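The values are calculated or read from the model by the stated rules, or taken from the named source; none is laboratory data. Only a predicted model underlies this, so the values are computations on that prediction, with no experimental measurement involved. Virtual Cβ from ideal backbone geometry, glycine too; neighbours counted across all protein chains shown.
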Amino acid sequence: MTSIPRPLLRLEHISLSFKGVKAITDIGFEVAEGEICALIGPNGAGKSALLNVINGVYQPQQGQVSFDGEVRRHMQPHHAARRGIARTFQNIALFKGMSVLDNVLTGRTLKTHSSWIEQALRIGRAAAQETRQREYAEKVIEFLRIQPWRNTLVGQLPYGLQKRVELARALAAEPRLLLLDEPMAGMNQQEKHEMSQFILDTNREFGTTVVLIEHDIGVVMGLSHHVVVLDYGKKIADGSPDEVRCNPEVITAYLGTKH
Amino acid sequence: MFYHGLKKRGAVALGLILALGAALPAHAAANQQYFPLQSYRVGPYAAGGTGFFGGFIDYMQYVNLKDGGVNGVKLVWSECETEYVVEKGVECYERLKKGLNGAPAAATNPLSVGIAYATLERSTADKLPLITINHGRTDSTDGSVFPYVFPLQLNPYSEVSAIINYIGQQSGGLDKLKGKKIVTLYHGSPYGKETSPILSLLAKKYGFQLTLIEVPHPGNEQQSQWLTIRQIHPDWVILRGWGVMTPVALKTAQKTGFPANHIIGNIWSNSEDDVIPAGSAAKGYISITTHPSGTQFPVLQGIKKYVIDSGKGNLADPKRFGNVYYNLGVVNGILNVEAVRLAQARFGHKPLSGEQVRWGFEHLKFDDQRLKQVGAYGLLQPLKLSCSDHEGGGSVRFQQWDGSKWKVISAWVQADRALLRPIIEASSHQYAKEHGITPRDCAKES
Amino acid sequence: MFYLESGQFSTSYRQDQRIFRLWQARLALVLLLAAAYTVVPWLGSDYLFSAILIPFLVLSLAGVGLNLLTGYAGQLSLGSAAFMAVGAFATYNFLLRLPGLPLLDGFLLGGLSAVPVGLVFGLPSLRIKGFYLLVSTLAAQFFIEWLFTQVPWFANNSSSGVISAPALVILGHHFNTPRGSYLLTLSIVLPLVLLAKNLVRGQLGRNWMAVRDMDTAAAVIGIPITRTKLLAFAISSFLLGIAGALWAFTYLGTVEPHGFDLNLSFQILFIIIIGGMGSILGNFLGAAFIVLLPILLSIISSAWLGDWIQAGQLENLQKILFGCLIIVFLIKEPEGLAKLWNTLRARAHGWPLSYWN
Amino acid sequence: MSFFFEVLLGGVLSGVMYSLIAIGFVLIYKASGVFNFAQGSMVLFAALTFVSLLERHVPFWLAFVATLLVMLLLALLIERLVLRHLLHRSPMTLFMATLGLSYVIEGGAQALWGAQVHGLDLGIADEPFTLAGLMLSQFDLFAAAIALSLVIVLSLLFNRTRVGLSLRAVADDPLAALAIGIRLQRMWVLVWAVAGFVGLVAGLLWGARLGVQFSLSLIVLKALPVLIIGGFTSIAGAIVGGLIIGASEKLAEVYVGPILGGGIENWFPYVLALLFLLIRPAGLFGEAAIERV
């Protein structure tokens, strides 16, 4: 696929290895503002590792990530968050001891500017902001239709709902780039359908750019504008769903014939 | 037993106090004088508490059974476990100070520096004497500033002064102290440090070479300290121990080859419970005491006859009868009861308020004749208190552990109280200043 | 009467964010406070004040302090007493060496001086977790205890090393009586607890819990881990510092360094375990429990089994009981008395429908 | 100079005692992931039971065996009543549970045997003799020998026997161990009982030193830094850690103490351990815990 005029995210020659074991080898691709990009590939292809590189959980040995024109080799997670990158995790990383509402509210942390002293005394910006955060959180909760569980501890929710709450927490941060690590893993068709709807709506209503990892090819093809295929930590295809679908390497990779 | 009955009803009453959070209406008192006991029979220092309060209770019991109380006023008491913990001590003080079924409290006797400090100002405010026999706040010796506090017999300063005097005797005169090496091994706590300035002062005065070494609380590791001592090679080691520290010190001394008969233990390192755990290492160890152990004294025989033999004794373990802590309890009992008796002589033969008993304490006077009357000659030192002197005695005897029991090896050795007085007054007056107290004029006191 | 609360709907988030959403709760609170300031001081006895209410209030505050750190931010600490000691000795010295310094400012400064200490011993928490952190907090415990015993200056060179309460005077009004100390303590503790409550229901509180539950995720959503943890240590030791000053001056009156030993730290930890980790109310329940249980036990026993169970054995019994309770709570109700209380209320709401929620 | 070595040696030898306590921790931590704060009170309980039996004229070995049985019973109860119900809980929770446990055991020990101090004579003299200009005591050597043989026995137990193998399996991965049919509960009982045994030995040696009494339970506080330095999972580590702590704290007390006013032994080991933590969080011999993202 030809270079995009103004990509929101560009990865160049990213290589990552743990104690000598290569997880990612010289990968580079671009994600345009406002598109939904899917990362696919067999297990251990290095998809999650790549997300972790993008929002700074891992530091690549080589290559650089540029987000919104800003180039950096080393990015700390909270810096990534500040720049507007939010994400969900493959095995849910919610705050189990807190209610759904509180979990979503933690997503607002970067939007809160009152000092803790103001919060303690409930003076100045604190009270007003608390209310504003609450309003926004409620908006997200409504948007993802999880109002009934607003005050339930997330630990007690079923898997599917937890995935939704995690998405809600990510959205609460009003991200420009949303990284979703297998948002539909372990869901039945019905749930997958709903989740895809949420992702599409998010993308449309908030214009959020999305990079997601998904195994269900059907869902991927239906959902994304742009697909990147990884295998053994290398990029083997990159393009529109149709282009990728008929790419021989991809087929072999998926049919698993030796090469 | 009838006083247990009292105890029960008293406790129920206390229950009510708790429930209502309101003061107990003091209904007409039976003819009784009450002693609130902040005792401790568990925890690290249980050995001391059990012995002391055992002796104290047995003596009061003895007075009840033998003479039917003091001039017909029965002695009653109830215990409250403090576990030697200050907070609990305060709780107990507050719980018991109101008296028992209208029987007014005479005085409190917490055998604990910490609790004594924490209840010192309360006692003064509540007009209830606070008896800290052989311990407590040194400057409370000055009764003009501390009217309600009585460090009877011996305060910490007198303690060390007497020890130095004894060492002087041993080396043939205080002038011979010059150039002697003395190490003081002290418990790492305010109690342990309290006497350091006095020791330094005496060191300057007599020109002996003093080294102060601290043992961190609780003191169950002293290898390094004793190696240092061995390095110094002192003539004497003064042991200012507490609880486990003393036996461990003796053990470690043996281990590092320091002779036990050149270690002198202070007043809280002088009981059977301090040496028995050290086993053979304690043989020859010397310590001071304000009262010999043993049961030969008439008063103890009396207690045996009236209390122990009739199965009313307080001790669970009869072997402890007549040991150091038990006898301290008996001595403490004698002093308290005598104070009540003196106060009754002045205010009438009836239950007295703490304020009245205080007068009794302040006029305590034991000469040999009186000591013989109460059957405590040789057990209790002659002493005389006054408005300005709430200590009274200030002399100790020295005892040596022969492996199975303590042997008294000296006559009464007096502390150099004249020397200490100005220091004490300086400190007490500072206290008076801090707390806006105007000292009583003792000339006016009768 | 509980179902009276039905039909109270929050019509704005402001309303919904109230600490006490229901008018019944608010009324109860007002009545409670009114009683605490009028009826109790009027009826109460010295014993009630100085043996029950004051320690209860002080320990509650200390519990809040530790709960912010351990219950909310998830940093286990056994050094609470050390920070209390710093508060007490600092307050003492400020009031001693700056004559004319108002009493309350003294307490405030005491609390503030505990903050840097808390930060220093909190720093390792950035690298180490779980009970490894115990080492750091225990180091604090022993070092501080040693320091105050060792350096006579802290106790104004008094040979006994004991510090005693300054005159508790505010604007010429004396608070040295038990009743006065109670009112003083109450008026210091309540506002501080309110502040703590505001913190934990605000953004910082949520960040603390986030760090407690999963710090990697917390970092990813932009919570500054270092800052959040250190703030927990700072604010916690501030509250503990003030609690320490109260402990020394409105409760005991005099205190020596060993008064702030490991056992006190344990006690405070037990308060939050029994009362409920991650709950403000819990600290009060836990403190009440830990203050009252021993007293009730000893009174009951001396009242009814006085003869055959002696004081000593009772203490052992109580020790055993405490231990068992700790374990039982950890097993059955990790969220402590606070949780039990809430379940009870939930039941009451449902009444008479017994199988409500 | 010889003084320096004496201090060093003395420190090393009291370090041996610390190691004895620490081993108990390591065993339990290895097998059940519990940092057992109650180890100290177990030592107290074991020693108290033993001494009280002796004082009731029970012959030495009988008393020893009887005490072992008591410790076994204790382990059984602990597993039944506590551990079993705390499976899969956070280490913090488990730790606090053992805190409660220590209260129960201390209270029980005193309720059962009373609070007075007991002397204990193992018949080994603690008098010094000089060897190559260095002062030693038979007792120290005896203690060291005991510790050494204990380590050998334990490592044999762990590496040679079938029980030991399954123990290690449990330590490595409880679930897998369950899967291959190892009875977790039984293993825990076993380990706690062994820890009880170690506690008894430690209790006897310490008791002979300090007299058997309440403050025995306080030595638990010395073991924590030892574990930090040695690592929570290595018996060898416990030994080495103990020696390091023992030696360094004594040297510090003698050479640094006077400058600071003495009595620094209580906190010095912790500061030392803290430095270790910041430099080598896993301890000398412990396996570094890797955190999954």
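Here are the numbers for this structure:
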| item | result |
| --- | --- |
| Some residue of the range A:123-135 being within 22 Å of the chain's Cα centre (by Cα) and closer than 26 Å to C:ALA234 by Cβ | yes |
| Sole residue being more than 9 Å from every other protein chain (Cβ to nearest Cβ), in contact with a Pro (Cβ under 6 Å, 6 or more places away or on another chain) and among the small types (Gly, Ala, Ser), chosen from A:GLY124, A:GLY84, A:GLY63 | A:GLY84 |
| Failed condition for D:LEU73, given (1) among the hydrophobic types (A, V, I, L, M, F, W, C); (2) under 15 Å from the mean Cα position of the chain (by Cα); (3) over 29 Å from D:VAL256 (Cβ atoms) | (2) |
| Residues satisfying the stated conditions in the range B:20-39, i.e. part of a loop (DSSP other than H, G, I, E, B) and modelled with pLDDT of 90 or more | B:ASN31, B:GLN38, B:SER39 |
| All positions within the range C:226-266 that are small (Gly, Ala, Ser) and either touching a Pro at 6+ places or on another chain (Cβ under 6 Å) or on the phi > 0 side of the Ramachandran plot (or both) | C:GLY253 |
| Candidates A:GLY41, A:GLY84, A:GLY107, A:GLY63, filtered to the one that is buried (at least 24 other Cβ atoms within 10 Å of the Cβ), modelled with pLDDT of 85 or more and on the phi > 0 side of the Ramachandran plot | A:GLY41 |
| Filtered residues of the range B:291-334 (kept if within 20 Å of B:LEU65 (Cβ to Cβ), within 14 Å of chain D (Cβ to nearest Cβ) and free of Cβ contacts under 8 Å to residues at least 12 places away in the same chain) | B:PRO318 |
| Every residue from the range C:137-188 that is in contact with a Ser or Thr (Cβ under 7 Å, 6 or more places away or on another chain) and part of a helix (DSSP H, G or I) | C:THR137, C:GLN141, C:THR149, C:PRO178, C:SER181, C:LEU184, C:THR185 |
| Residue within the range C:259-276 that is of a type outside the set (Val, Ile, Thr), crowded, with 21+ Cβ neighbours inside 10 Å and modelled with pLDDT under 90 present | yes |
| Selection status of D:LEU274, closer than 22 Å to B:VAL244 by Cα, in a helix (DSSP H, G or I) and in contact with a helix residue (DSSP H, G or I) (Cβ under 7 Å, 6 or more places away or on another chain) | no |
| Among the residues listed as D:VAL191, D:VAL226, D:VAL254, D:VAL153, the single one being surrounded by 21 or more Cβ atoms within 10 Å (Cβ to Cβ), assigned to a helix (DSSP H, G or I) and more than 14 Å from chain B (Cβ to nearest Cβ) | D:VAL191 |
| Residue check for B:TRP268: within 27 Å of the chain's Cα centre (by Cα) and either among the β-branched types (Val, Ile, Thr) or outside the structural domain of B:LYS319 (by TED's automatic domain parsing) (or both) | yes |
| B:LEU212 surrounded by fewer than 22 Cβ atoms within 10 Å (Cβ to Cβ), farther than 24 Å from B:THR256 by Cβ, within 14 Å of chain C (Cβ to nearest Cβ) and among the aliphatic types (A, V, I, L, M) | no |
| Residue match in the range B:406-425 (condition: within 14 Å of another protein chain (Cβ to nearest Cβ) and either in a loop (DSSP other than H, G, I, E, B) or polar (S, T, N, Q) (or both)) | no |
| Selected residue (only one of C:LEU57, C:LEU27 is surrounded by fewer than 21 Cβ atoms within 10 Å (Cβ to Cβ) and assigned to a helix (DSSP H, G or I)) | C:LEU27 |
| Filter result (aromatic (Phe, Trp, Tyr) and within 14 Å of chain C (Cβ to nearest Cβ)) within the range D:86-144 | D:PHE95, D:TYR103, D:TRP113 |
| Elements of type helices (runs of 4 or more DSSP H) in the range B:42-138, at least 2 residues being over 27 Å from C:ILE54 (Cβ atoms), more than 14 Å from chain D (Cβ to nearest Cβ) and aliphatic (A, V, I, L, M) | B:46-67 |
| Residue list for the range A:133-154, filter: surrounded by fewer than 21 Cβ atoms within 10 Å (Cβ to Cβ) and at the interface with chain C (Cβ under 9 Å from one of its Cβ atoms) | A:ARG134, A:GLU135, A:GLU138 |
| Residue among B:GLN32, B:GLN38 that alone is more than 28 Å from D:GLU106 (Cα to Cα), more than 7 Å from every other protein chain (Cβ to nearest Cβ) and touching a Lys or Arg at 6+ places or on another chain (Cβ under 9 Å) | B:GLN32 |
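This table checks each residue for (1) away from chain C (no Cβ under 14 Å); (2) in contact (Cβ under 8 Å) with a residue 60 or more places away in the chain; (3) on the phi > 0 side of the Ramachandran plot; (4) not in a helix (DSSP H, G or I).
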site: D:PHE35; (1), (2), (3), (4): no, yes, no, yes
site: D:ALA46; (1), (2), (3), (4): yes, yes, no, no
site: D:PHE64; (1), (2), (3), (4): yes, yes, no, no
site: D:LEU74; (1), (2), (3), (4): no, yes, no, no
